[in-house]
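Reviewing the structure listed below.
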Amino acid sequence: MSTHETAAHETVFAGAVLAKLEALYPKYPDKRSLLLPALWMIQEARGWISDGSVAEVAETLGLTSAYVRGVVTFYTMYHTHPVGRHFIQVCTTSPCGICGAEDVARALVKETGCGDLGATSPDGRFTVIEVECLGACGFPTPILIDDDFIENVTVDRVPAILARYI
């Protein structure tokens, strides 16, 4: 079973994952400071952060669910709903927009079969979203696929780029 197939009702913070979290305790001033790493562990295990995951993190770190939810919804890197196996972020701010970012986003949506930005492809492989800035204004249009940062993306490059993730 892959890590993304973990059943939603199973506890993530048990066994090796709990040991990994506990190994971080000495590096932080208090348990609350472990919130971001704990959320990454949940997302790595489940692919997204559900209401049950919020409650599990809150209980594990001695926080309220409202506090954890506030952090989850503040940061765009945490998924609050299931996403595709490959998560694609396209910078569409003004500098990238001038250089064709909207066309790149449309090409990604079309080539992946997602249908719309924010939707997941029918085969569960891809989710494509727009983001405000990926910090590479000198190399438009940048995209981020999972942890892979790709610069100078054009409509013509989209099929070859996606072929690496099939």
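The values are calculated or read from the model by the stated rules, or taken from the named source; none is laboratory data. Keep in mind the model is a prediction, meaning the values are calculated, not measured. Positions of Cβ are backbone-derived with ideal geometry, glycine not excepted, and every protein chain shown enters the neighbour counts.
For segment 57-79, a residue qualifies if it is farther than 24 Å from D147 by Cβ and not hydrophobic (A, V, I, L, M, F, W, C), and the qualifying residues are E59, T60, G62, T64, S65, Y67, R69, G70.
Residue under question is V90, and the condition is that it be in contact with a helix residue (DSSP H, G or I) (Cβ under 7 Å, 6 or more places away or on another chain), part of a helix (DSSP H, G or I) and surrounded by 14 or more Cβ atoms within 10 Å (Cβ to Cβ); does it hold?
Considered against the rule, which asks whether it is in contact with a helix residue (DSSP H, G or I) (Cβ under 7 Å, 6 or more places away or on another chain), part of a helix (DSSP H, G or I) and surrounded by 14 or more Cβ atoms within 10 Å (Cβ to Cβ), V90 comes out as no.
Residue selection: G70 fails the criterion of being surrounded by fewer than 14 Cβ atoms within 10 Å (Cβ to Cβ), in a loop (DSSP other than H, G, I, E, B) and either touching a Phe, Trp or Tyr at 6+ places or on another chain (Cβ under 6 Å) or not β-branched (V, I, T) (or both). The one condition from (1) touching a helix residue (DSSP H, G or I) at 6+ places or on another chain (Cβ under 6 Å); (2) within 18 Å of P142 (Cα to Cα) that G100 does not meet is (1).
When segment 93-123 is filtered for residues that are part of a loop (DSSP other than H, G, I, E, B) and either in the same structural domain as Q43 (by TED's automatic domain parsing) or buried (at least 20 other Cβ atoms within 10 Å of the Cβ) (or both), only C114 remains.
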